[in-house]
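The values are calculated or read from the model by the stated rules, or taken from the named source; none is laboratory data. Keep in mind that this is a model prediction, so the values were computed, not measured. Backbone-built Cβ (ideal geometry, glycine too); neighbour counts: all protein chains shown. All accessible areas refer to the heavy atoms of the entire protein, side chains included, with ligands and DNA or RNA removed. Shrake-Rupley method; radii C 1.70, N 1.55, O 1.52, S 1.80 Å.
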Amino acid sequence: MTGDLLVAGFTCLGIGVLADLFGGVGTLVVRRLPYLAALAASAIFLAVGVRALSGPTTTVDLAGLAAWNGAHLRADHLSGFFLVLTSTLGALVSLSTHSWVESAERVHRRGTAAGYLLLLGAVTAILLAGDAFSFLFAWESLTLSFYFLTAVDRHSRGQARAAWLTATFGKVGGATLLIAMLLLSSRAGSTSLEAWRHVAPGALRDVSWVLVVIGFGAKIGLVPLQPWLTVGYPAAPAPVRAALGGVAVNVGVYGLWRFLSVLGRPPVWLVIVVLLAGGVTALLGITFAVVQGRLSRVIAYSSVENAGLIVTAYGVALTGAVVGSPQLEAVGLLAGTLQTVAHAIAKTSLFVSLAHVEAALGTDDLDEIRGVGRRMPWSGAALGAGALTLAGLPPTIGFVSEWFVLEALMQQFRLAGLALRLALAAAGALVALTTGLAALTFLRVLGLAVLGAPTERVRMRARETGLAGRAALVALTVGCGGLAAASPWEVHLLERGLSPVVASSVVGQSLKSPWVLQPVFSNFSILSPSWLWVVLPLAALLTTVLATVLSGGRMWRTRRVRAWHSASPGVQGPSHYTAFAFANPVRHVLANVLGTSRRTAKLSAESRRSRSEPEHVEIFTEVIEPVETYLFAPLARVARALSRGATRLQSGRLNTYVAYMLVALLVTLVLSAAFR
């Protein structure tokens, strides 16, 4: 049954690819057909995920198809849970894109739908891969789809750099995973992932652990492997950014979870590195997100932040595996999985709504799209819900997940080793600072884009999406808050979904009662997200009624007073802050992290309206990303120098090449004699 469903799903994807590549983008029916195929395939894969999550483990043999004796797909509870998550979001993205392609001007050329369909197929194959060959083939297919999607819009500035950077980091991640799987296969004598459980502890398994963390860390955006993400996401066509940031990124998290169950106990020093790297990634990502002026880049840097939060929670789980504490391992995995779900749905909601906003207004600049939520209420609601979720505010699922992450990091007092306790404490401090900056970042988005006064561009050009797109926006908006209200049911699903990694009975200890959650350890802290949905509206209603009664109704009267003017250069008109001015305090407070530099220039005399007008100056403020500036820029210079040297070698004389060969032969003979 599972095999038949998978054949049907991949067949739908194949039909969609053919329709895009051969049908073109000339007519609306043909433009929509690939995304209808994606919607059908996502529904079928969702059925496979539900079946795997609720039933026994099933295996589909691919030996005849792949010409590889060990090739097979394996659907268990863990892959079933992630397949349910990715397929649900894939269906919503496909539904939204069905409306987005109404205008022929938005689809420049064929290839976007084909890349998107390849992405959905590769994600599904990775989640179900049961051997090294199937996994690596699907992984390289995903890298290829990323390259297609970031390179399809060839007229955009910086498109080539974004595409090649995305492909390069994808190949780096794939290469490290290839080496790890070759090492494990050689030691276990099998390419099956399940056979690697029997690899004995030692240097080989420790090296494999390091390679696995690097490989999957590159996919989710772990520092210092994140530069591709912040340029790759904005470079992709607007509707499929949600597939990159909300769907495909989950395979990196799945890989980390899967290899924890396969490899078992990691080395202690690696756990410390993972905890600190996660905390630094979260802080660095949100610090750069808060100072971005384009909403697509804000969302992209937020993905780096959430990668850090997820990896930090994963570090807690690794700590539990090291010290032999199933409860600590369970709370880390539970927190990381909840954060993955929150990030996936919020990021999909933001990117989908931004796609419709950008299609209507032609820009994603925060100052230009101010007040778009008032003129495009469907997109504005999804944008606001996603922003509140990533801000970690109640009553959204983001609040629940970040609460679990912080509670997991607070369990360091249960450890005996000083090094792990200090690492957990440092990661906790970094995450706490991150959550505060995240609230500032997305309240800026909420205040400017959703609740602000509409700009002239918004008033003139704002137009809401079609019926299918609105349905997707409603589902995503409800999901951001509804998942928080349904957290107890979600925990029940996670009990089953995480069972291949940690016992479901241990994960179930996070339910203190049917409506109250706790961080697995009893008598530590509790939270009831379901009751928040009852208490918060009642408290708001009671406050409003009391304020109305006590003020005698005066609170509803309109009072007009002269607007207060700030000395900040970011204020426009009577009271409007720009996105730049809103984030300016962060540029100064965190100047050491952002590398903030300022340059002052006087305006020319011609720019003044009269001679009596005093001279004005312009202040230019720039920030630099330290990883890209101080790590990859020098490496790029070295690579270019080596490339120039290789070019000179290609145009040399014959006797020079013969000399090179003689020297190489002599060195080889000397080394052979020395090691004999």
In this structure, is LEU117 touching a residue at least 60 places away in the same chain (Cβ under 8 Å) and of a type in the set (A, V, I, L, M, F, W, C)? yes
Based on what the data block shows, is VAL431 touching a residue at least 24 places away in the same chain (Cβ under 8 Å) and within 17 Å of LEU276 (Cα to Cα)? yes
Going by what's in this entry, would VAL507 be described as surrounded by fewer than 22 Cβ atoms within 10 Å (Cβ to Cβ) and part of a helix (DSSP H, G or I)? no
Grab the helices (runs of 4 or more DSSP H) fully contained in segment 54-164, keeping just those with 2 or more residues being at pLDDT below 85. 63-66, 77-100
Out of ALA180, ALA200, ALA188, ALA235, I need the residue that is of a type outside the set (S, T, N, Q), modelled with pLDDT under 90, crowded, with 22+ Cβ neighbours inside 10 Å and over 13 Å from the mean Cα position of the chain (by Cα). Which one? ALA235
Which of (1) open to solvent by less than 30 Å² (accessible area, probe 1.4 Å); (2) under 18 Å from VAL251 (Cα atoms) does ALA195 not meet, given it meets every other one? (2)
Within segment 267-284, residues touching a Gly at 6+ places or on another chain (Cβ under 6 Å) and either of a type in the set (Lys, Arg) or under 16 Å from THR435 (Cα atoms) (or both) come out as GLY278, THR281, ALA282
Please go through segment 203-232 and give me each residue that is of a type outside the set (A, V, I, L, M, F, W, C), farther than 28 Å from VAL298 by Cα and surrounded by 19 or more Cβ atoms within 10 Å (Cβ to Cβ), ordered by number. ARG205, SER208
Qualifying residue in segment 453-466 (condition: of a type outside the set (Lys, Arg), in contact with a Pro (Cβ under 9 Å, 6 or more places away or on another chain) and assigned to a loop (DSSP other than H, G, I, E, B)): yes
Subset of segment 392-417 (residues that are touching a residue at least 40 places away in the same chain (Cβ under 8 Å) and over 20 Å from LEU517 (Cβ atoms)): LEU415, ALA416, GLY417
Can you tell me which residue is surrounded by the most Cβ atoms within 10 Å (Cβ to Cβ) among those in segment 43-58 that are in contact (Cβ under 8 Å) with a residue 40 or more places away in the chain and among the polar types (S, T, N, Q)? THR58
So which of THR455, THR441 is in contact with a helix residue (DSSP H, G or I) (Cβ under 7 Å, 6 or more places away or on another chain) and under 30 Å from TRP378 (Cα atoms)? THR441
